[in-house]
1. How large a share of the accessible area of the chain, in percent, is made up of carbon and sulfur atoms when the probe is 1.4 Å and the other protein chains stay in place?
2. Starting at 0 and stepping by 5 Å, how many percent of the alpha carbon pairs of segment 1-58 end up in each bin?
3. Could you work out Rg/(2.2 N^0.38 Å) for the chain, with Rg from alpha carbons only?
4. With the contact rule set at Cα under 8 Å and sequence spacing of 6 or more, what percent relative contact order holds for the chain?
5. Between M91 and residues 5 or more places away or on another chain, which pairs have amide H atoms under 5 Å apart, with H built 1.01 Å from N, and which residues are they?
6. Could you tally the net charge around L85, taking each other residue with its Cβ under 13 Å from the Cβ of L85, Lys/Arg +1 and Asp/Glu -1?
7. For the chain, set up a Gaussian network in which alpha carbons nearer than 10 Å are linked by springs, and say which option among R26, R84, R15 fluctuates the most.
8. Using the heavy atoms of the protein chains alone and a 1.4 angstrom probe, what is the accessible area of segment 16-60 per residue in square angstrom?
Amino acid sequence: VPSVTYRLPDGSERRVEVAVGSSVMRGAVEHNIPGIEAECGGCCVCATCHVYVDPAFFALLPPPEEGEREMLALTASPPHATSRLSCQIAMTAALDGLVVEIPERQS
Ligand code: FES
């Protein structure tokens, strides 16, 4: 099972297993990792699952679709160059070891 490391705003890290086919959002919610609110449950309409993807992994992700790009303009913490909505990052074996940073605020 591939793993994902979540870097929290206080500098601590949580590394958990996230099954292939699940999402980076779901992995956080299922492991009670704070800071991913995911109010819409993964429908790409709330932007409260915002993460900053570690630059080493950013190019491995398929580019965001239009709906995600629109929502990335509405995040509570300012978007960075590697911002994504974690509900739209589908876990794959190739993403094993993925590192994402959780922003200060989601709403
Ligand atoms: S959970 Fe709502 S946009 Fe990702």
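1. After summing per-atom areas, the C and S share lands at 53 percent.
2. The distribution over segment 1-58 is 4, 18, 28, 29, 18, 4, given as percents.
3. Its radius of gyration relative to the 2.2 N^0.38 Å reference: 0.93.
4. 41
5. HN-HN under 5 Å from M91: G21, S22, S23, V24.
6. With Lys, Arg at +1 and Asp, Glu at -1, the net is -3.
7. R15
8. In whole numbers, segment 16-60 has 48 Å² accessible per residue.
The values are calculated or read from the model by the stated rules, or taken from the named source; none is laboratory data. Bear in mind that the values here come from a model prediction, so they are computed numbers and not experimental data. With ideal geometry, Cβ positions are generated from the backbone for all residues, glycine too; neighbour counts draw on all protein chains shown. Ligands, DNA and RNA are stripped out before the accessible areas are found, and what is left, the full protein with its side chains, is counted by its heavy atoms. Shrake-Rupley method; radii C 1.70, N 1.55, O 1.52, S 1.80 Å.
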